[in-house]
Amino acid sequence: MQNKKVGMMKNTFIQITLCWLIVVFSVMGIGKVIKGEDNETGKEWTTQVLYDTTNACYAGTLRWIIMANPSLIGQPPPPLVQRQMIQHCFCVMDKIRNEFDMEQYVNLIKSGLSVGQIFMDKAYKCIEEFDTMNGIFIVQDNSTKTDNDSVVIPTEPEGQEESTPDEELEQEQTIFKG
C-alpha cells in the first residue's frame, strides 16, 4: 500500500510540474507574440492591394487587346493568353512596387488622379524589356516611321471624271431638244 501511495505521489508531482512548465513556456511565447510594437505597414504591400492592382492591370490589358482587335468583343481569351496577360501584369506590378511603396501608391489612388498613365508606362517597359505580350499584339513604334511610309490620297480623282446625276440629266435634255 505504501508503494502505491509513493507511485501515485510521483505521478501527481510529474503532472503538476508538467502543467507549470506548460504555463511558463506559454506565457513566455505569448509575451513575444503580444509585444506591442508598431509594424511598418506602409512598406509591405498587402495581399488585397496586390490582388486589386493585378486585376485592374488585367482588365486594362484586355481592353487594350480589344481596342486593337474589336472582333474579340465578348470572347474570353484562351487559357494560354490569360496566363501570358497575368505574367505581363505581374511584371507591371513589380515595376510599380519598385517605384512606390504601398502607402504612396494607395494615396495616389485615393487622390483621384488617373493611374492609367503609370500602368501604360510600366506596360510598355515590360513589353520592351521582357516581350511580355509576344504574339498577342504588336506595338508600333511611331518614332521610326517616316513620311516616305505614308500614302498620300490625291485631292482630285485620277482617271476619267465622273459626272453627277444632275449633269447627266442636263446632257440628255440637250441631246433631245433637237
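Taken together, the values in this text are just the output of simple stated rules run on the coordinates, not laboratory data. Quick caveat: nothing in here was measured; it's all calculated off a predicted structure.
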Please list 3J(HN,Hα) in residue order for segment 44-58, calculated via the Karplus relation 6.51 cos²θ - 1.76 cosθ + 1.60 where θ = phi - 60°; whole Hz, with x for glycine and proline. 8, 7, 6, 4, 5, 5, 4, 4, 4, 5, 5, 5, 5, 4, 4
Normalised contact order of segment 47-138, rounded percent, pairs of Cα under 8 Å and 6 or more residues apart: 37 percent
Can you list residues whose amide H is under 5 Å from residue 132's amide H, if they're 5+ apart or on another chain and H is modeled 1.01 Å from N? 127
